[in-house]
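Worksheet for the structure shown next.
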Amino acid sequence: MRIVEINTLSHVLGILDGSTYVDEINDEFILTTESSNEKINEDLQALFLELIEEK
């Protein structure tokens, strides 16, 4: 069950990052924080997988 959770979350983060594409989404998706317009969705999947590997 843990592997399914990790794979699912990794896939969702890949979609947010833009490294995994969804056919219905044609425009670039930009994820920012409320206090900044800096794009934060470029390395979410890689950072998540790094954290998982450290455990």
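Quick note: the coordinates plus some simple rules give every number you see, no bench work behind them. This structure is a prediction, so every number in the text was calculated from the model and none was measured. Quick reminder, even Gly has a Cβ in these numbers, built from the backbone with ideal geometry, and neighbours come from all protein chains shown.
Quick look at the values:
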| read-out | value |
| --- | --- |
| Cα long-axis angle, helix 2-17 against the chain (0 to 90 degrees, to the nearest 10) | 20 |
| The chain, helix-only ellipticity at 222 nm - DSSP H runs n ≥ 4, -39,500 (n - 2.57), divided by all residues, nearest 500 | -15500 deg cm²/dmol |
| Label-point separation, I52 to L9 (7 Å along Cα→Cβ), nm | 0.9 |
| Dipole magnitude of the chain, debye to nearest 20 (Cβ charges: Lys/Arg +1, Asp/Glu -1, about Cα centre) | 240 |
| Positive dipole terminus of the chain, leading residue within T32, V4, T20 (C-beta point charges) | V4 |
| Chain lengthening between R2 and T20 when straightened (0.36 nm per residue, less Cα-Cα) | 4.4 nm |
